[in-house]
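J.: Got a structure here, written out as structure tokens. Questions coming.
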Amino acid sequence: MMINKKLFALAGVTLSLSLSAISAQVEPLRVAADPVPHAEILNDIKKIDPKLDLKVIELTSGVNANELLAHGDVDANYFQHLPYLKDQEKALGKTFVVAAEVHIEPLGIYSRKIKALPDLPENASVAVPNNSSNLSRALFLLQKQGLITLNAHFTDPSTTLATPKDIVANPKHLKILEIEAAQLPRSLDDADLVVINGNYALEAGLVPSKDALGLESADHNPYANLLVTTPELAHDPRIVALAKDLTSPQVRDFIQKTYHGSVIPVQAGHD
């Protein structure tokens, strides 16, 4: 009996692809995340959804989780907001996919030198994040607190990125110091004010809802932290399951009970 070699080869390729797909589905889902609160939230998901084989990779300072994702070293990451992601896509020349909006970490203004913002002296130093999206975010927060005024062109923090050059009024002649975001808590002993991202504030033992002299509102906040993956994995059942878990009532309850308003589930921010 003659065997059609082309059909046999095609069947072999089809079988190989099928086995690869099955193998991909049973492999652990590798997710890069900041230690607090992101990895803590993911570790709670391990308890509530044990059938999802989740491998949490905690990020250390200097590691770019979007580069890890672009190079295939992880399957997803969970640490960033949309303006930062858009910046990263431009820098890396890559396109990523938002799988879920999870929570908001309100940016806060902290100080060890004053008790209230009206006490801020002339020529005070203000340390802010040095990456473009969070620098802009910090300037919008300072404006919201009445400390500076930005050019009228800057109306929407989600679409326009401000820099210190865009400050048109600075009545107290504040000195803006741009510092790597992860290092900002260390600036509390030196700068008069420090604007710190929520995750780094929590890692440093600060309680944003209690310790911040000024805090972003959760209402209409464009800085929701995201579960991000690649276009190729956007419909992977593991990604879909994790996105569902991250936005579930159980995780919402965990966030509210654990962080007491310092981390706010997106649903709660939109209530």
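Just so it is clear, none of the values below were taken in a lab; they were calculated from the coordinates. All of these numbers come straight from a predicted model, not from anything done at the bench. Methodologically, a virtual Cβ is constructed for each residue, glycine included, from the backbone with ideal geometry; neighbour enumeration extends over all protein chains shown.
J.: Taking H placed 1.01 Å from N in the peptide plane, check which residues at least 5 places from H103 or on another chain put their amide H under 5 Å from its amide H.
T.: HN-HN under 5 Å from H103: N225, V266.
J.: Which of the DSSP-defined H helices in the chain satisfy a minimum axial length of 27 Å, computed from C-alpha atoms, and a minimum mean Kyte-Doolittle hydropathy of 0.5? Walk me through the numbers on the way to the answer.
T.: On the way: long enough: 5-26 (32 Å, 1.20).
Length and hydropathy pass: 5-26.
J.: Taking a point 7 angstrom from the Cα of K115 along the C-beta vector, which residues in the range 161-195 have backbone N less than 19 Å away?
T.: Under cut-off, by backbone N: 192-194.
J.: If I model a spin label as a point 7 Å beyond the Cα along the Cα-Cβ vector, how far apart are those points for V207 and E58 in nm?
T.: Going from the V207 label point to the E58 one covers 2.2 nm.
J.: What's the ranking of 189-195, 61-67 by average number of surrounding C-beta atoms within 10 Å, highest first? Write down the numbers at each step before the final one.
T.: Numbers: 189-195: 21.1, 61-67: 14.7.
Result, highest mean first: 189-195, 61-67.
J.: If you don't mind, there's one more thing I want to ask. Relative contact order for the chain: what percent, with Cα pairs under 8 Å and sequence separation of 6 or more? Mind showing how you got there, number by number?
T.: Details: 454 pairs, mean separation 76.5, N = 271.
This gives 28 percent for the chain.
J.: Helix-only mean residue ellipticity at 222 nm, the chain, DSSP H runs n ≥ 4 weighted -39,500 (n - 2.57), per residue, nearest 500. What is it? If you can, show how the numbers build up before the last one.
T.: Working: 10 runs with 97 residues, N = 271.
-10500 deg cm²/dmol, from helical runs alone.
J.: Could you check the simple spin-label distance between A152 and V26, using points 7 Å along Cα→Cβ, in nm with one decimal?
T.: Taking the two extended label points, one gets 6.5 nm.
J.: If you take every DSSP beta bridge whose two residues both sit in the chain, what share of them, in percent to the nearest 5, is antiparallel? All intermediate terms of the calculation are to be shown ahead of the outcome.
T.: Numbers: 18 of 33 bridges.
Of all bridge pairs located within the chain, approximately 55 percent are antiparallel.
J.: Hey, another quick one. What residues have an amide H closer than 5 Å to that of K175, excluding those fewer than 5 places away on the same chain, when H is modeled at 1.01 Å from N in the peptide plane?
T.: The answer is A124, S125, V126.
J.: What is the distance in Å between the Cα centres of the range 229-271 and the range 54-73?
T.: After rounding, the separation between the Cα centres reads 19 Å.
J.: For the pair N131/D73, report the inter-label distance in nm, with labels modelled 7 Å from Cα in the Cβ direction.
T.: Each label point lies 7 Å from its Cα, and together they span 1.5 nm.
J.: Given a cut-off of under 8 Å on Cα pairs at least six residues apart, what relative contact order in percent is computed for the range 126-271?
T.: Numbers: 151 pairs, mean separation 33.4, N = 146.
In percent, rounded to a whole number, it is 23.
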